[in-house]
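The values are calculated or read from the model by the stated rules, or taken from the named source; none is laboratory data. Predicted, not measured: the structure shown is a model, and the values here were computed from it. Here the Cβ positions follow ideal geometry from the backbone for every residue, glycine too, while neighbour counts run over all protein chains shown.
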Amino acid sequence: MAFDLIGRDVTEEGAIMRSNTAYRSAISVAVGSGLFVVWGMAALGVVGVITLILGKHKAEYSSVFEIMGLTGMFASLFAGSAWLFLSASAQQNRADSASRL
């Protein structure tokens, strides 16, 4: 009985969220950003190994600005995802308020 109620609630909530374009967009951006971070970290590991093998880690220039730029890019992707989740939540709250009237 308890599982039936929980399953029904989850199913109804899932149906509502799947119909919300902002929510689906937020999920897409969040998952895409996460996969991009993982891919970037893997690429960074490969490049780091090659850099150490070739001795390029002793170069006189610094890549601080490049690192800050990448960090800013990832932060903006996740902030965009958060904004989309906020928008989806606001739409859901408006729909819930309208259905109570």
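Among residues of the range 72-101 that are assigned to a helix (DSSP H, G or I), none has a beta-carbon under 9 Å from a residue that is surrounded by fewer than 13 Cβ atoms within 10 Å (Cβ to Cβ) and of a type in the set (Lys, Arg) at least six positions away or on a different chain. Look at (1) at pLDDT 80 or above; (2) over 25 Å from Thr71 (Cα atoms) and you find that Glu12 fails only one, number (1).
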